[in-house]
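Engineer: If you scroll down you'll find the structure; I have some questions about it.
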Amino acid sequence: MKDHAMIIDYKYCTGCHACEVTCKNEHDFSEGEWGIKLTEHGPAKMGDGWIWNYVPVPSKLCDLCEERRSTGGVAPCTIHCLGQCMEIVPLEDVSKRLAELGDEAAVFIP
Ligand code: SF4
Ligand code: SF4
């Protein structure tokens with residue numbers, strides 16, 4: 001039974017791929033397997049400008065680094081995220097945190 005969730009505030013994601021790389025370094029995933037994968041949407045014309053969205057998506061392999069956190073550690077992706085837009089919070093705090101972050105944040109519960 002999971003008691004935590006990952007929240008990603010997409011508006012601050014820079015598309016740096018650090019979450020992918022640090023997760024891959026932490027775990028012994030096979031080639032082609034990822035705990036989280038960055039998807040990109042764009043560039044797309046919007047009005048007079050362009051938009052380019054980055055959307056990191058945790059996979060079924062992501063367990064929120066349960067083992068590391070159970071010994072007092074921190075999920076490495078949340079440390080190395082250049083946008084500082086990833087966090088792991090107790091389930092009971094998810095609604096409050098989403099309300100604080102606004103409508104570009106998403107929640108992942110393994
Ligand atoms: S919480 Fe752990 S398993 Fe999940 S994406 Fe981050 S580093 Fe990978
Ligand atoms: S590490 Fe953070 S800023 Fe970089 S791609 Fe992942 S979620 Fe986005």
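Engineer: Around His80, what is the net charge, scoring Lys/Arg as +1 and Asp/Glu as -1 over all other residues with Cβ under 11 Å from its Cβ?
Structural biologist: -2
Engineer: Same structure again: When the chain is treated as a GNM, springs tying every alpha-carbon pair under 10 Å, which of Gly49, Gly15, Gly72 comes out with the largest mean-square fluctuation?
Structural biologist: Taking springs between Cα atoms under 10 Å, the residue moving most is Gly49.
Engineer: In whole Å, what are the extents of the range 53-110 along the principal axes defined by its C-alpha atoms, from largest to smallest?
Structural biologist: Computed over the range 53-110, the largest-to-smallest principal extents equal 32, 27, 21 Å.
Engineer: Here is a further query. Checking the table Lys11/Lys96; Lys24/Lys96; Lys11/Lys45 against a 26 Å threshold on Cα-Cα, which pairs fail? Walk me through the numbers before you get to the answer.
Structural biologist: Working: Lys11/Lys96 18 Å; Lys24/Lys96 30 Å; Lys11/Lys45 18 Å.
Distance filter (> 26 Å) returns Lys24/Lys96.
Engineer: 5 Å is the cut-off here: which amide hydrogens, built 1.01 Å from N in the peptide plane, fall below it relative to His4, excluding neighbours closer than 5 in sequence?
Structural biologist: Leu91
Engineer: Here is a follow-up. Which of Leu91, Pro110, Ser70 sits farthest toward the positive end of the charge dipole of the range 67-110, with +1 on the Cβ of Lys and Arg and -1 on the Cβ of Asp and Glu?
Structural biologist: Ser70
Engineer: With each pseudo-label sitting 7 Å past Cα toward Cβ, what's the Glu26-Glu100 distance in nm, one decimal?
Structural biologist: Spacing of the two 7 Å Cα→Cβ label points: 2.0 nm.
Engineer: Also, quick follow-up: Can you compute 3J(HN,Hα) from phi for each residue in the range 88-100, using the Karplus curve 6.51 cos²θ - 1.76 cosθ + 1.60 with θ = phi - 60°, rounded to whole Hz and x for Gly and Pro?
Structural biologist: So the J values, rounded to whole Hz, are 10, 10, x, 4, 5, 9, 4, 4, 4, 5, 4, 5, 5.
Engineer: Tell me the volume per residue, in Å³, of the convex hull enclosing the alpha carbons of the range 1-109.
Structural biologist: With only Cα atoms used, the range 1-109 gives 111 Å³ per residue.
Engineer: Using Cα-Cα distances under 8 Å and only pairs 6 or more residues apart, what relative contact order does the chain have, in percent?
Structural biologist: Taking the mean separation of contacting Cα pairs over the length of the chain, I get 45 percent.
Engineer: Another one. Picking from Asp63, Asp28, Asp48, which is most flexible by a Gaussian network model of the chain using Cα springs under 10 Å?
Structural biologist: In this elastic network of the chain, the residue with the biggest mean-square fluctuation among Asp63, Asp28, Asp48 is Asp48.
Engineer: For the range 18-24, take each phi angle, set θ = phi - 60°, evaluate the Karplus expression 6.51 cos²θ - 1.76 cosθ + 1.60, and give the result in whole Hz per residue in order, putting x for glycine and proline.
Structural biologist: 4, 5, 4, 5, 5, 5, 4
Engineer: Now, a different point. Name the residues of the range 36-63 whose amide N is less than 20 Å from a point 7 angstrom out from the Cα of Asp93 along the C-beta direction?
Structural biologist: 63
Every read-out reported here was derived from the displayed coordinates using simple, explicitly stated rules and does not represent laboratory data. Since this is a predicted model, take the numbers as computed values, not measurements. No Cβ is skipped: glycine too gets one built from the backbone with ideal geometry, and neighbour counts run over all protein chains shown.
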